[in-house]
1. Name, by its number, the condition in (1) open to solvent by 20 Å² or more (accessible area, probe 1.4 Å); (2) over 18 Å from GLY206 (Cβ atoms); (3) out of contact with any Ser or Thr (no Cβ under 7 Å at 6 or more places or on another chain); (4) assigned to a helix (DSSP H, G or I) that does not hold for SER37.
2. Within the range 74-123, which residues are closer than 22 Å to GLU184 by Cβ, modelled with pLDDT of 95 or more and of a type in the set (S, T, N, Q)?
3. Could you tell me how many of the residues in the range 139-178 are among the aromatic types (Phe, Trp, Tyr) and crowded, with 20+ Cβ neighbours inside 10 Å?
4. Test ARG190 against the stated conditions and say whether it is under 18 Å from ALA105 (Cα atoms) and out of contact with any His (no Cβ under 9 Å at 6 or more places or on another chain).
5. How many residues does the range 59-86 contain that are in a loop (DSSP other than H, G, I, E, B) and not aliphatic (A, V, I, L, M)?
6. Residues to consider are ALA185, ALA181; find the one that is in a helix (DSSP H, G or I), open to solvent by less than 10 Å² (accessible area, probe 1.4 Å), of a type in the set (Gly, Ala, Ser) and touching a strand residue (DSSP E or B) at 6+ places or on another chain (Cβ under 6 Å).
7. Under 8 Å between Cβ atoms, at least 6 apart or on separate chains: pull out the pairs that start in the range 53-73 with a residue that is open to solvent by 40 Å² or more (accessible area, probe 1.4 Å) and end on any residue that is of a type in the set (A, V, I, L, M).
8. Within the range 4-34, take every residue that is at pLDDT below 85 and in contact with a Ser or Thr (Cβ under 8 Å, 6 or more places away or on another chain) and give me the one that is least open to solvent (accessible area, probe 1.4 Å).
Amino acid sequence: MTQAGIDFGYPFWLNYGHLCVTAAAGAALVAAFWFGSPIALRLGLAALVVWAVVSATIAHVGIAPTRVPSLPTGAFLVSGGGRVLDVGAGTGRSSLMVLTARPRASVVASDLFSSSFERHFGDERRPIDRLRRNLEAAGMSDRATIEVADMRALPFTDATFDAVVSAYAMDHIGREGAEAAVREAHRVLRPGGEFLLIVVNDDWWGRIAFGPMLAHGNLPSPAWWREVGKAAGFRPVESGTRPITSWFLFVRDDG
């Protein structure tokens, strides 16, 4: 799948902030050498350049906000088909992730698309419009529908979906809200259905790259997410981490 025409609308600082720091600090470092500035200044600028390069690499490997991500596990929806609910779909990264990796699956992309959400993604194009445009640009709009829905009280009947995915969404609504959202994911899944949960992990990679900005809302630990899944009735199957990210594969096991 080509990414031409796909724009997830994430803020400039997340996409390119570290690269801007790299360019500015690099230029200042060259000037400092040219004009024979004190060694302490040159060392400080060199350290800033190194941090910015490392942080840009971490951000674009860990979260990769400009790209359609790959599934973190091949064990999710191995049949390649089924009806999938994307909870907190945003502008479509997780929906396109599933549609790309599982060519016989269909996706219901759901989100509240609230006013605060729109401010985060910019006012020039509403997130729901970005989502629709991204699905069209990827050539996958015929396999996806869009629903306005609160993940804490989903407007779907019980046992409706073969799988649920949620990426970088449930970690933005507080612990009580996240617990309710995980319970709702369990409710709308058919017995044996799979739930792929992807969240921000407050690890050292993220602290290096983003510092205090990463710790918004006192991010829960991977162990907390695992226990919340089990309390909702899920059986943990697989889990893992990558920079700034934790992921969990759960199964609704009613037996």
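1. Among (1) open to solvent by 20 Å² or more (accessible area, probe 1.4 Å); (2) over 18 Å from GLY206 (Cβ atoms); (3) out of contact with any Ser or Thr (no Cβ under 7 Å at 6 or more places or on another chain); (4) assigned to a helix (DSSP H, G or I), the lone unmet condition for SER37 is (4).
2. SER94, SER95, SER106, SER110
3. Summing the residues that are among the aromatic types (Phe, Trp, Tyr) and crowded, with 20+ Cβ neighbours inside 10 Å in the range 139-178 gives 1.
4. yes
5. Residues that pass the stated criteria total 11.
6. From the options ALA185, ALA181, the qualifying one is ALA185.
7. VAL54/ILE208; VAL54/ALA209; SER70/MET97; SER70/ALA101
8. Among those that are at pLDDT below 85 and in contact with a Ser or Thr (Cβ under 8 Å, 6 or more places away or on another chain), it is ASN15.
The values are calculated or read from the model by the stated rules, or taken from the named source; none is laboratory data. Worth saying up front: this structure is predicted, and the values here are computed from it rather than measured. Virtual Cβ from ideal backbone geometry, glycine too; neighbours counted across all protein chains shown. We work out accessible area using only protein heavy atoms, side chains counted, and drop any ligands, DNA or RNA first. Shrake-Rupley method; radii C 1.70, N 1.55, O 1.52, S 1.80 Å.
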